[in-house]
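Each remark here refers to the structure printed beneath this line.
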Amino acid sequence: MDAVSVAVASGRDEVVLGCLSVLALAEACRGRLTRAQEAVDSAAGLVVEAVPPPPALGLARAWVALDRQDLSGAGSALAVAGRSAGPRDAPLLGQVALLLRARLKLDHGDAAGARRLLRRSAAPAEWLRARFEDDVAAVGLLASAAQLDGHRHAGRRPRAAPPAGTATATTVQALLEDAHRHGIRGEHRASREAVARALTLAEGEGLRRPFARAVPEVRSMIRTDPELRSRADWLRPDRRPTRQHEPRRAGDAPVVERLSERELEVLQHLSALLTTEEIAAEMFISANTVRTHVRRILGKLVVSRRHEAVRRARELHLS
């Protein structure tokens, strides 16, 4: 945050935007999805119309969306990031973009496509590869990993307890692997406790991906155990992370009128950080029509800026 403070003091929005974008990506990588989303929202308010946002901003949004299993949102964010020059000019951002694209393909069930992406890439930085260890193993590119099938974690060497500061996703993944190993040994109480801890830890960040990719035995336990099923209610796609269920602030005016289907579609594109021209191209309408839709959205949500509309829509579960 020191760099952001210095950037704010400079009075240059483009500097603040760049710092917030990098901060958002760093927080996403650490598994702090709520903080990452907050940084994304703050940065979105500084995006200049008709100028593509920094690639790090789109990558951060894609990372959060993937971890929360919003695959459509992740695809849109990666498309926005791909239209910026950054990933080609910054090797690290290029590696992040490629690995996120591979992760998206894997989550869509296209393991072969993910494998092709990873095979033609340069070896990623060690810290970054570690974040995607299970995904790399899933496509058969990690020689030391067991083949991932119905028992993909049973044959893998147990991980050491994650140290303090470990990314949330890594810790949750380790707990789910522990649960599976306990289950194989018939230690059902320990298995259940590990799953419960994983659910509690992941809920605050809305971290769904480790559960979506958990072995069938663990997913079955969550479905059939009444208490675990109750704790896992937030895993449903229509549920929001606990921290986002905030009471409406006194200064927030109520929505004046329901948004039309077309306005909701524009709002989805706004949340993906598309420019007016990009929205027009996506929807096959003119830029002036997009601006008209945006003015109506702002009026109906009783806000004055696009990023405020995105925030209000998220609070109202409209996007």
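Give the residue, chosen from 155, 204, 150, that is among the small types (Gly, Ala, Ser) and modelled with pLDDT of 50 or more. Reasoning before the result, please.
On the way: 155 fails: modelled with pLDDT of 50 or more; 150 fails: modelled with pLDDT of 50 or more.
Checking each option against the conditions leaves just 204.
A quick yes/no check of all residues on (1) modelled with pLDDT of 80 or more; (2) exposed (fewer than 10 other Cβ atoms within 10 Å of the Cβ); (3) over 18 Å from residue 43 (Cβ atoms); (4) not polar (S, T, N, Q):
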{"site": "241", "(1), (2), (3), (4)": "no, no, yes, yes"}
{"site": "245", "(1), (2), (3), (4)": "no, no, yes, yes"}
{"site": "252", "(1), (2), (3), (4)": "no, no, yes, yes"}
{"site": "261", "(1), (2), (3), (4)": "yes, yes, yes, yes"}
{"site": "266", "(1), (2), (3), (4)": "yes, no, yes, yes"}
{"site": "269", "(1), (2), (3), (4)": "yes, no, no, yes"}
{"site": "274", "(1), (2), (3), (4)": "yes, no, no, yes"}
{"site": "277", "(1), (2), (3), (4)": "yes, no, yes, yes"}
{"site": "280", "(1), (2), (3), (4)": "yes, no, yes, yes"}
Pair list, Cβ < 7 Å and 6+ apart or interchain, from segment 70-96 residues that are assigned by TED's automatic domain parsing to the domain that holds residue 60 and closer than 30 Å to residue 234 by Cα to residues that are in a helix (DSSP H, G or I) and at pLDDT below 75 = 81/87; 96/128
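Which ones in segment 272-319 are small (Gly, Ala, Ser) and without any contact (Cβ under 8 Å) to a residue 24 or more places away in the chain? Explain how you work it out, then say what you get.
Residues of segment 272-319 small (Gly, Ala, Ser): 272, 280-281, 286-287, 299, 304, 309, 313, 319.
Listed by number, the residues that qualify are 280, 281, 286, 287, 304.
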Flagged pairs (Cβ under 8 angstrom, 6 or more apart or on separate chains; first in segment 219-238, under 16 Å from residue 207 (Cα atoms); second assigned to a helix (DSSP H, G or I) and polar (S, T, N, Q)) are 231/200; 234/242
Would segment 94-106 turn up any residue that is at pLDDT below 85, within 24 Å of residue 52 (Cα to Cα) and of a type in the set (Gly, Ala, Ser)?
-> no
Going through segment 32-72 one residue at a time, which ones are at pLDDT 85 or above and not in a helix (DSSP H, G or I)?
-> 32, 54, 68, 69, 70
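If I ask for residues that are small (Gly, Ala, Ser) and out of contact with any Pro (no Cβ under 6 Å at 6 or more places or on another chain), which ones from segment 192-212 would you list?
To start, the set of residues in segment 192-212 that are small (Gly, Ala, Ser) comprises 194, 196, 198, 202, 204, 206, 212.
Scanning segment 192-212 gives 194, 196, 198, 202, 204, 212.
The values are calculated or read from the model by the stated rules, or taken from the named source; none is laboratory data. Quick caveat, the model's predicted, so the values are computed rather than measured. Glycine also receives a Cβ, built like all others from the backbone with ideal geometry; neighbour counts cover every protein chain displayed.
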